[in-house]
Amino acid sequence: MRLKRKGAIELSMTTIVVIIIAIVLLSLGLVFVRGMFAKIGELSDQAFLQAEKEIEDKMRGDQKVYIGGTTFDVGVGKSQTVSAGIQNLEGTPLSFKLQATSPTTNRAGLTVNVNDWFLFTPAKTVPAGEKSPMPFVISVPKTAKAGDIVIVNIEAYAGNALYGSESIIINVG
C-alpha cells in the first residue's frame, strides 16, 4: 500500500514540474513575440517618417502620386521598403489606396503575378490639398529568377476611380 502512495506522489511532482516548465516556456515565447512586434512597429514608423520627409522634399506641387525611385534592385527572396506618397489635389478629402499591375512576362513567358510581390499600406483618407506618405514593400518571391526585369504600374485609386499612377522597374538580383 505504501508503494502506491509513492507512485502517486511521484506522478504529481512530475506533473508540477511539467506545468512549471510549460509556464516558463510560454512566458519566454510571449516576451519574444512582444519584442518582435515592437521591432516591426518601429520599422513601420521609420518607413512612414522617411516617406513623409521624402515626399515633402521631393514631391512637386502638381504631382498626384510620388514614388521614391524608378528602378529597384531586389534579390530573390528579399524585400525593400519604398517611399511613396499621395497628394490630394481635389477640393474634398478622399480615401486613397495603392495597387500594382504589370503586363510583364518573365523569361519563361509567364505573366508575373505582382499581387504576391507587394505589401501596401491600408487605404488612407487624405484631406484636400495635403500630402500623405503611403510607403510600400517590394518582396520578391523565392520563385522569381535572378536576372528577371519586371515593369510594374503603381496605381492610386480614390475610392474606385483611378487617381494617378507611376511606373517602376524591378531588377531581380
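Just so you know, all these numbers are worked out from the coordinates, no wet-lab data involved. Remember, it's a predicted structure, so these values are computed and weren't measured experimentally.
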Original post:
Given H placed 1.01 Å from N in the peptide plane, which residues other than close sequence neighbours of residue 75 have an amide H under 5 Å from its amide H?
Top reply: 173
Original post:
How big is the equivalent ellipsoid of the range 111-169 along its three axes, where each semi-axis is √(5λ) from the Cα gyration tensor, reported in whole Å from largest to smallest?
Top reply: 27, 12, 10
Original post:
From the phi of every residue in the range 147-163, what ³J(HN,Hα) in whole Hz does the Karplus formula 6.51 cos²θ - 1.76 cosθ + 1.60 yield, where θ is phi - 60° and glycine or proline is x?
Top reply: x, 5, 10, 10, 9, 10, 9, 8, 10, 9, 10, 9, x, 9, 9, 5, 9
